[in-house]
Amino acid sequence: LDHGLKPMEDDEFSVMTEESDLQFMQNVMDLRVAKIQLQPNLINEILGMRDPLDSAVQTFITLDFFNHDTKHTEMTTGYEPDVDTIFSFKNNVDSFYLKYLQSEHILAELFIVRGIGGAGKHSVKIAEAKLPLSPLLSGEDTQTQVMSWVGSFEKWSGQTLGSILYKFRMRHKIDKAIEMQNRKDAVDNKRYDEEEQRKIQQGIKPAGQD
């Protein structure tokens, strides 16, 4: 499926954080939102329009990741706007963060402007997309990802309203952090097993046993 995107090179990501700004065990996750594609017939219904009209479709996206404040794109116009916006998130790469990457997602929410003129215009959330984070653990730069916009507005809830095209990467290789965490977990597990064995030898029942 051709989404009209050329491959993203490293220099397409921002370098907003210098190497010297990163402390030991810190890393930066870069996210580039390339474009969104919307279903004209459903968007027209939401806007109460009979015929497609690019200039009447105004949207923006909000993004929530880990412990960062909500970020948002600029307003774009049309059914297939180029968003081409990059966000960078710096965090400590510890056990909690790695487990978060393994099982959680970035929440993207799609808003559209409704109403006519001045005070009558307002934005409403019409859909959301959950962008899985686990590909970041591969240690390789991810390829362009595509996720569906799932409707969350009135009768369009649950319907696919379009898609979001994006790419993300860890600024620096994450392999060593994963290896260090695995070694720490192994040591902690060994220490726990030894403690449980000591309790058994002393006639103390392990935790969770009556």
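The values are calculated or read from the model by the stated rules, or taken from the named source; none is laboratory data. What you see is a predicted model; the values in this text were computed from it and never measured. As a convention, Cβ positions derive from the backbone with ideal geometry for all residues, glycine included, and neighbour counts pool all protein chains shown. The protein model used for the area step is the full one, side chains on, heavy atoms only, and it has no ligands, DNA or RNA in it. Shrake-Rupley method; radii C 1.70, N 1.55, O 1.52, S 1.80 Å.
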Heavy-atom accessible area of the range 98-146 with neighbours in place, 1.4 angstrom probe: carbon+sulfur share in percent works out to 49 percent
Per residue, accessible area of the range 49-104 with a 1.4 Å probe, heavy atoms of protein chains only, in Å², comes to 58 Å²
Given pairs K71/K155; K35/K176; K35/K121; K90/K121; K90/K125; K71/K173 and cut-off 30 Å on Cα-Cα distance, the over-length ones are K35/K176; K90/K121
Residue span R198 to N182: 0.36 nm per residue of separation minus Cα-Cα distance leaves a gain in nm of 3.3 nm
Note: probe point = Cα of I116 + 7 Å toward Cβ; backbone nitrogen < 17 Å; residues of the range 21-64 passing the test are 44-58
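May I ask you to order 89-95, 64-70 by the average number of other C-beta atoms within 10 Å around their residues, highest value first? Kindly include the intermediate steps, with their values, before the conclusion.
Details: 89-95: 16.3, 64-70: 13.1.
The peptides rank, most packed first, as 89-95, 64-70.
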Taking a crude spin-label model, label points 7 Å out from Cα along the C-beta direction, the M75 to E45 distance in nm is 2.6 nm
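Normalised radius of gyration for the range 63-203, please: alpha carbon Rg relative to 2.2 N^0.38 Å, two decimal places.
The range 63-203 yields a ratio of 1.49.
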